[in-house]
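To start, the structure itself, in structure tokens.
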């Protein structure tokens, strides 16, 4: 097991950065970073971004300096490297295909939504989350397709994201009403999309509301991910709130985790419960601990 560091060559925020990786496990990487005083918000899925001023300190602490190409090889060999499809910047084509199966002929609206989901301040609440929700909907609704209103609600549910709970969902719902009305979507479908988007503010829905249950369960499916993927999710959420001090974030995040654990049921649909409930509770309890 070893920690590797490439040269500080990557420009951002008025300085240059190195990448810090493990060749064995994310927990080893997190332990090293924590001991070195690197904030959790510097973690980006499979590596830490560290500024040039920390380079010599990290080498002195035991990180092995290597060329960038060697670091990439070590990361690939470790099995920890995030797949291209799981990075926001590489999802235009798969999302375009899904859009065209939902609301074809509205390319300008698709591009507007892609710009919104690709905003720089989004780390978890980006295009990877959108695709994951759409894929979870397919899993839950199989062998049928989710209704068009449910799929459109997925596209719009975080279309406005500033990290303000409740307000983001309200503004996303208003955006859906405006844009879908302009696109000529029937009023009854627009109203249902608005209703569904608003449900994602609290994820509480009537079991008889199949559309609401589908969307809410799909939106929370990350909670039932494998431990490594869940750790990446938590780290990405921290980066979404990078402007919040660590103590304040810990307090706010603990409240969110407790509210999720208090949801009964956490997942509404039996299929979602069988797929994700056990792992979700274990992940949430582990994070809270």
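The values are calculated or read from the model by the stated rules, or taken from the named source; none is laboratory data. Computed from a prediction, not measured in an experiment: that's the story for all the values here. Neighbour counts are summed over all protein chains in view; Cβ atoms, including those assigned to glycine, are modelled from backbone coordinates with ideal geometry.
Just a few scattered comments:
- Within the range 184-209, the set of residues being touching a residue at least 40 places away in the same chain (Cβ under 8 Å) and surrounded by fewer than 22 Cβ atoms within 10 Å (Cβ to Cβ) comprises 185, 189, 192, 203, 204, 205, 207.
- Matching residues, the range 130-158, being closer than 14 Å to residue 269 by Cβ, in a helix (DSSP H, G or I) and free of Cβ contacts under 8 Å to residues at least 24 places away in the same chain: 138
Let's see how each residue does on (1) modelled with pLDDT of 95 or more; (2) assigned to a helix (DSSP H, G or I); (3) within 17 Å of residue 260 (Cβ to Cβ):
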residue	(1), (2), (3)
162	no, no, no
181	yes, yes, no
184	yes, no, no
197	yes, yes, no
202	no, no, yes
213	yes, yes, yes
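- Among the criteria (1) assigned by TED's automatic domain parsing to the domain that holds residue 175; (2) surrounded by 11 or more Cβ atoms within 10 Å (Cβ to Cβ); (3) modelled with pLDDT of 90 or more, the one residue 22 does not fulfil is (1).
- Where a residue in the range 216-227 is farther than 15 Å from residue 274 by Cβ and its partner, wherever it lies, is not in a helix (DSSP H, G or I), with Cβ under 6 Å and at least six apart: 216/203; 216/205; 219/200
- Per-region count, the range 25-82, residues free of Cβ contacts under 8 Å to residues at least 24 places away in the same chain, surrounded by fewer than 17 Cβ atoms within 10 Å (Cβ to Cβ), touching a helix residue (DSSP H, G or I) at 6+ places or on another chain (Cβ under 9 Å) and not in a helix (DSSP H, G or I): 1
- Every residue from the range 2-19 that is on the phi < 0 side of the Ramachandran plot and either assigned to a loop (DSSP other than H, G, I, E, B) or buried (at least 17 other Cβ atoms within 10 Å of the Cβ) (or both): 2, 3, 4, 5, 6, 7, 8, 9, 17, 18, 19
- Of all the residues in the range 267-289, those that are over 24 Å from residue 41 (Cα atoms) and in contact with a helix residue (DSSP H, G or I) (Cβ under 6 Å, 6 or more places away or on another chain) number 7.
- Remark: pairs (first residue in the range 97-111, under 12 Å from residue 179 (Cβ atoms); second residue in a helix (DSSP H, G or I); Cβ separation under 6 Å; 6+ apart in sequence or on different chains) = 109/179; 110/99.
- Sole residue being touching a strand residue (DSSP E or B) at 6+ places or on another chain (Cβ under 9 Å), under 18 Å from residue 158 (Cβ atoms) and in the same structural domain as residue 139 (by TED's automatic domain parsing), chosen from 179, 232, 253: 232
- Positions within the range 239-267 being in a loop (DSSP other than H, G, I, E, B), touching a residue at least 60 places away in the same chain (Cβ under 8 Å) and within 18 Å of the chain's Cα centre (by Cα), in sequence order: 241, 242
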